Structures are given as structure tokens and as C-alpha cells.
1. Regarding A:Ile182, is this residue exposed (fewer than 15 other Cβ atoms within 10 Å of the Cβ) and either more than 26 Å from A:Met10 (Cβ to Cβ) or within 14 Å of another protein chain (Cβ to nearest Cβ) (or both)?
2. Select, from A:Tyr153, A:Tyr160, the only residue that is modelled with pLDDT of 85 or more, in contact with a Leu (Cβ under 9 Å, 6 or more places away or on another chain), within 14 Å of another protein chain (Cβ to nearest Cβ) and closer than 16 Å to A:His12 by Cβ.
3. Six or more apart or on different chains, Cβ under 7 Å: which pairs go from a residue in the range A:196-209 that's touching a residue at least 12 places away in the same chain (Cβ under 8 Å) to one that's assigned to a helix (DSSP H, G or I)? Could you list them?
4. For the range A:90-104, name all the residues that are crowded, with 17+ Cβ neighbours inside 10 Å and not polar (S, T, N, Q).
5. For the range A:165-206, give me each residue that is aromatic (Phe, Trp, Tyr) and closer than 30 Å to A:Asn145 by Cα.
6. Testing A:Val120 on (1) more than 30 Å from A:Lys27 (Cα to Cα); (2) in contact (Cβ under 8 Å) with a residue 60 or more places away in the chain; (3) of a type in the set (A, V, I, L, M, F, W, C), one condition comes back false. Which one is that?
Amino acid sequence: MNVFRFAGDMTHLFSVLVLLLKIYATKSCSGISLKTQELYALVFLTRYLDLLTDFISLYNTVMKLVFISSSLAIVWCMRAHPVVRRTYDKDQDTFRHYTLVAGSLVLALLFHDRFTIREVCWAFSIYLEAVAILPQLVLLQRSRNVDNLTGQYVFFLGAYRAFYILNWIYRYFTEQHFSRWIPWIAGLVQTGLYADFFYYYYLSWKNNVKLQLPA
Amino acid sequence: TSSESIKDEL
């Protein structure tokens, strides 16, 4: 594992912790898209199928379990927690996320390494992760006052993707085997989606004002 | 480890 991969995993972990902290400390999930959280739960469940068959390292196993359980816990909180669920911005979180699931499934059935359940699930999870942030970005754009923790959550998620791109570039130049094009293209698309957000996050940080995305 | 494939990443 190289330093970029590790930094990516840590910022990913940090984003989850920030989100859990926000929900736990404020008993509120305002500004958080349930649709994005459901998509992430689906991403992790379909990508980490290998938990059942292969053991790679304790690090991998623990991190995978953390990402699966935290995403399910967040979805549960937003849907069922007696206090938290009442703060969910349901009326603004209207992105039709099923279209993203359907599109990713079609892509995975068309473009995969081998036509096996695991390979198709893996490709599906990569495509879906690339676009899973869209409902969250749309909700951020609609929310007039984005609180700091929500902004930081999306910032760390974006940083995680950026570090993974650096990781793949590093691996491309240091390892013999060729990196695969599926995560390359999906990863670049995903990181590109954050570019706009990063710009406004930087502006709000520089000017020390609340984050607000233009409509 | 460097023998990990891209698919073993998180």
C-alpha cells in the first residue's frame, strides 16, 4: 500500500466519522441526502462481496466492515431514528436515484472484466460510486445554509477520491501490471463531480463565510 | 502490500 492509497482511505474514514459525529452530536441529518447514503450502502455491499470468500489483510477486512456497517447505520438513523428522521430534508432530496442504479447496472452488464456475478457486481459498484454523490450535491445546492460539518463531510469524500486517483497514477508508474481502465474512467468522472464543490468550498474557507452553492 | 490488485482496494 502506498501513501496515497492510505491517505485516501483515511480521508474516506474521516468523512464517515464527520457524518456520524454530525448526526450524533446535533441529532440532526439536515442537509444530508438519504438517497446518496442508500447508494453508498449499495456500493459497499456489492463491492465487498469478497469478504465472504477471500482474506486479503486485517486492514482491508476491518475497513470494509466499517464502511458497510456505518453506511447501513446512517441509512437506519435517517429512516427510523425517532428524533433524527424528523430532521431529514425529504422535500428537497428528490433526486431520482433509481435512475443511477439502473444506469450503473446496464453499464456493468455491458462493460466488465468477466461475466461472473462478482465481476459484474464489482463493476456496478465502481460505476455507482462514481455518481452516488449527485443527490448529495443537488441537496447541498438547494440548502441555503450548509452547516460546517456537512460541508466538511463532502470535502473529505472528495479528498478521498482525489487521493485514489493519485494512488492509481503512482501504481501505474511503479508496478508492472497495468491498471484497469474501469476504475480509471469512473474515478475521474467522480472526482470531476467534486471540482465545482471544491471551488466553492475554497471560496467559503478563504472568505470565512458559510458555504453556499450557487443555484 | 504491492501484490494487491486494484480490485482489493477499498
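1. no
2. It is A:Tyr160.
3. Filtered contacts from the range A:196-209: A:Phe197/A:Leu137; A:Phe197/A:Val154; A:Phe197/A:Gly158; A:Phe198/A:Gly158; A:Tyr201/A:Gly151; A:Tyr201/A:Phe155.
4. Once the filter is applied, which keeps residues that are crowded, with 17+ Cβ neighbours inside 10 Å and not polar (S, T, N, Q), the range A:90-104 yields A:Asp93, A:Phe95, A:His97, A:Leu100, A:Val101.
5. Answer for the range A:165-206, where residues must be aromatic (Phe, Trp, Tyr) and closer than 30 Å to A:Asn145 by Cα: A:Tyr194, A:Phe197, A:Phe198, A:Tyr199, A:Tyr200, A:Tyr201, A:Tyr202, A:Trp205.
6. Failing condition for A:Val120: (2).
Table: residues versus (1) in contact with a strand residue (DSSP E or B) (Cβ under 9 Å, 6 or more places away or on another chain); (2) small (Gly, Ala, Ser); (3) at pLDDT below 95.
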position	(1), (2), (3)
A:Thr26	no, no, yes
A:Lys35	no, no, no
A:Asp54	no, no, yes
A:Ser57	no, yes, yes
A:Leu65	no, no, no
A:Ala73	no, yes, no
A:His81	no, no, no
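The values are calculated or read from the model by the stated rules, or taken from the named source; none is laboratory data. None of the values given here were measured: they were computed from a predicted structure. With ideal geometry, Cβ positions are generated from the backbone for all residues, glycine too; neighbour counts draw on all protein chains shown.
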